Amino acid sequence: MFKKFSPSTDIAGQTPVKSSVQRAIRAAILSQWKIEPETLEALWPKKEGLVHVKCLHGEPLIIQHFDGPFYPTLRVLHKYPYILPKVGIDRGAIRYLLGGAPMMCPGLTSKGGWLPPAEEALGAGTAVAIYAEGKEHAVGVGVLKLGTEEMRRVNKDVGVDVASYLGDDLWAHKSL
């Protein structure tokens, strides 16, 4: 999504978001992410306004593509690693992720990959943090195209559609 992102050409305008819309976004984030209201308050204080580009003081915090789920940016995910469910990719898939490719099921189900256990299964459309084998911090943020149990069963096709990854143009811009 942000493979070729430039604020000067990709941002047409910035408009303040009404407080009622901000409350709706807060409620959606609290329901979609594993985040406490206090943590959300520390990340995005209620008294601070939100700009339609989803930025606060120029630092991108939240990504939403059309009417899809809300994603934290990778920088936010590094500060609060517990807010999204985790999936892991094996070493062979790292170079594809860093190139912006979607993550295929075999990279998630192989020996180096990781999916949550069956009792914590995730459904299709869930926003997830993507971790690489042997790495401490998330290397990407994406949305599941298939549920985790379906990935284990089918083990082919795209498993995670990547929204942002380490080294993309959004990562390169610390502020907008």
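So which of Lys34/Lys86; Lys18/Lys46; Lys18/Lys79; Lys79/Lys145; Lys34/Lys111; Lys46/Lys145 end up more than 21 Å apart by C-alpha?
On the way: Lys34/Lys86 11 Å; Lys18/Lys46 12 Å; Lys18/Lys79 27 Å; Lys79/Lys145 26 Å; Lys34/Lys111 27 Å; Lys46/Lys145 33 Å.
Long pairs (Cα-Cα over 21 Å): Lys18/Lys79; Lys79/Lys145; Lys34/Lys111; Lys46/Lys145.
Under the rule of at least 5 residues apart or a separate chain, name every residue whose amide H is placed under 5 Å from the amide H of Leu115.
When sequence neighbours closer than 5 places are left aside, the close amide H contacts are Gly88.
Could you list which residues have their amide H under 5 Å from that of Gly147, counting only those 5 or more apart in sequence or on another chain, with H placed in the peptide plane?
So Gly147 has HN proximity to Ala124.
Give me the number: length gained by fully extending Gln64 to Ala24, i.e. 0.36 nm times residue separation minus the C-alpha to C-alpha distance, one decimal in nm. Show your work: numbers first, answer last.
Details: separation 40, 0.36 × 40 = 14.40 nm, distance 1.35 nm.
Going from the current span to full extension adds 13.1 nm.
For the range 88-98, what does the Karplus curve 6.51 cos²θ - 1.76 cosθ + 1.60, with θ = phi - 60°, yield as ³J(HN,Hα) per residue in whole Hz, taken in order and with x for Gly and Pro?
x, 10, 7, 4, x, 8, 4, 5, 6, 4, 5
Tell me, what is the 1.4 Å probe accessible area of Ser31, in Å² to the nearest 10?
90 Å²
Rounded to the nearest 10 Å², what accessible area does Asp169 have for a 1.4 Å probe in the complete protein model?
The accessible area comes out at roughly 50 Å².
The values are calculated or read from the model by the stated rules, or taken from the named source; none is laboratory data. What you see is a predicted model; the values in this text were computed from it and never measured. SASA here: full protein model, heavy atoms, side chains in, ligands and nucleic acids out. Shrake-Rupley method; radii C 1.70, N 1.55, O 1.52, S 1.80 Å.
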